[in-house]
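To start, the structure under review is shown below, and the notes come after it.
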């Protein structure tokens, strides 16, 4: 449960509790009428007395349900925050690997001292794509994507941005298809997408301002 949704549900529960209290005051006022006594047994109207007694019996049950709802919201929020915090370092590593891939050398163009470790071959390409796929699947398990049309055309962070980063690496390719000039444009595109993710996701964490 995202922080925004948690706050919405929490405010809703508080408003329900306030409505129950206000309804109780109204029922009490209507039931007791002009009587100076706050004891419903002093009422002569059996219907009014019955309504007041029904409210008193159900009020505590409603508050118990609301308290249980708040506890459930808090539990779901903490569980979501923990899963997101656990997956976030892996997402950072996957995107950084994609950025470093744009600095790779084309096949046959690496200096002898570099070797094959930073050559844009199929092995390095596959490792980068696999890391991004794992991050996308992890974030898909946490966030629900509303789609690619309408007011949420950018998708819900960070799934859509991670998909676009993976697509950019896929277009860049490997081996003879890898072009260093295209890699520069791909790097700038990935950095822009990553800045959007970095601006959105950390807001879900409870950070302390120093």
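Here, each number is a calculation from the coordinates, and none is a lab measurement. Just so it is clear, the structure is predicted and the values come from calculations on it, not from any experiment. Cβ atoms come from the backbone with ideal geometry, glycine included; neighbour counts cover every protein chain shown.
Brief remarks follow.
- At full extension, residue 206 and residue 191 could sit 2.9 nm farther apart than now, given 0.36 nm per residue minus the alpha carbon distance.
- Extension gain, residue 50 back to residue 177 (0.36 nm per residue minus Cα-Cα distance, nm): 37.5 nm
- R0 of 35 Å, Cβ-Cβ distance residue 4-residue 96: FRET efficiency to nearest 0.05: 0.80
- Least to most buried among 6, 174 (fewest other Cβ within 10 Å first): 6, 174
- In this rough spin-label picture, where each label sits 7 Å from Cα along the Cβ direction, the residue 75-residue 107 distance is 5.5 nm.
- Residue exposure sequence - 124, 72, 10 - by fewest surrounding Cβ within 10 Å: 72, 10, 124
- Spin-label pair residue 63/residue 22, simplified geometry with 7 Å Cα→Cβ offset, distance in nm: 1.9
- Label zone at residue 15, where the point sits 7 Å out along the Cα-to-Cβ direction: segment 68-86 residues whose backbone N lies under 11 Å: none
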